[in-house]
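Bear in mind that the values in this text are calculations on the coordinates, not laboratory data. No experiment lies behind these values; they were computed from the predicted model shown. When we count neighbours, we look across all protein chains shown, and the Cβ atoms used for this are built from the backbone with ideal geometry, even at glycine.
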Amino acid sequence: MMAFLMPTASMAQNTAKDWLKKGRDHYQKYEFKESFKWCMKAAEKGLAEAQYLVSKMYEDGDGVEEDEKLAFQWCRKAAENGYAKAQFTLGEYYDEGVGVRSNSKEAFQWYLKGALAGNKNAQEEAEDLIEDMPKEIQQKAFEQILSAAKNGSEWAQLTASECYEEGIGTEENEKQAAYWYEEYTKTHASKGSKTQLKKTKKQSIKEYQEAFEKSQKQSKRKD
């Protein structure tokens, strides 16, 4: 007689991914009601990507009645589950007052989470807002950025350099600014990136060119 198998967390996760796939397939066919049904099933199982898609469908009214408050609630679930795209979108919701009262501080916090998770849109927004934040928020943000920089985040290394240059969240320190820009060039080169290095706000053209040329040489050596 076969033993009764209790469902495991991994089995439930696989099922949720299957439901999400069905939801995506229906969405591509413009079958929005069916798409919403399957995405919601996956979202209720805790799948972050599905939670984000449910949020967007509530926002756009695809397959369900448009509801900004529910869009916000499902986006927050996905963001809290670590989905970077949802963290950026939640920042937008707080920024623009979608389904929630507008709050620039909350917006920045979620942009920062998304930025540290690698979302480029969130990185741009976090860069724009950090200068306008109160000092205590800047200090906490800098601590997170510096920690990520030490762990090899290219964006965090550049941002740490700029924070040291501008005295954002920390004391101005030219040596530390130069050090973290140097680390940024090394990380940039090690990834074999073909995109041009960003220039920090106070950096002279000569310093920028020297840093860029050095990174290019490092990249060629690795080739």
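In whole Hz, what ³J(HN,Hα) sequence does the range 160-176 give by Karplus (6.51, -1.76, 1.60; θ = phi - 60°), x for Gly and Pro?
Each residue of the range 160-176 in turn: 4, 4, 5, 4, 5, 5, 8, x, 9, x, 7, 6, 4, 7, 5, 5, 5 Hz.
Distance from a point 7 Å along Cα→Cβ of residue 171 to each backbone N in the range 109-133: keep the residues under 18 Å and list them by number.
none
With the crude spin-label approximation of a point 7 Å out along Cα→Cβ, what separation in nm comes out for residue 81 versus residue 124?
Reported label-point gap for residue 81 and residue 124 is 2.7 nm.
Could you list log10 I(q)/I(0) for the range 1-157 at q = 0.08, 0.09, 0.11, 0.19 Å⁻¹, which the Debye formula gives when each Cα is one point scatterer?
Computed log10 I(q)/I(0) values: -0.29, -0.36, -0.51, -1.08.
Order these peptides, 106-118, 178-190, by their mean beta-carbon neighbour count within 10 angstrom, highest first.
Values: 106-118: 23.2, 178-190: 19.9.
Listed from highest to lowest mean packing, they are 106-118, 178-190.
Set the bar at 23 Å for Cα to Cα. Now go through 85/105; 77/113; 69/140; 29/113 and name every pair that lies beyond it.
Details: 85/105 19 Å; 77/113 14 Å; 69/140 29 Å; 29/113 33 Å.
Beyond 23 Å between Cα atoms: 69/140; 29/113.
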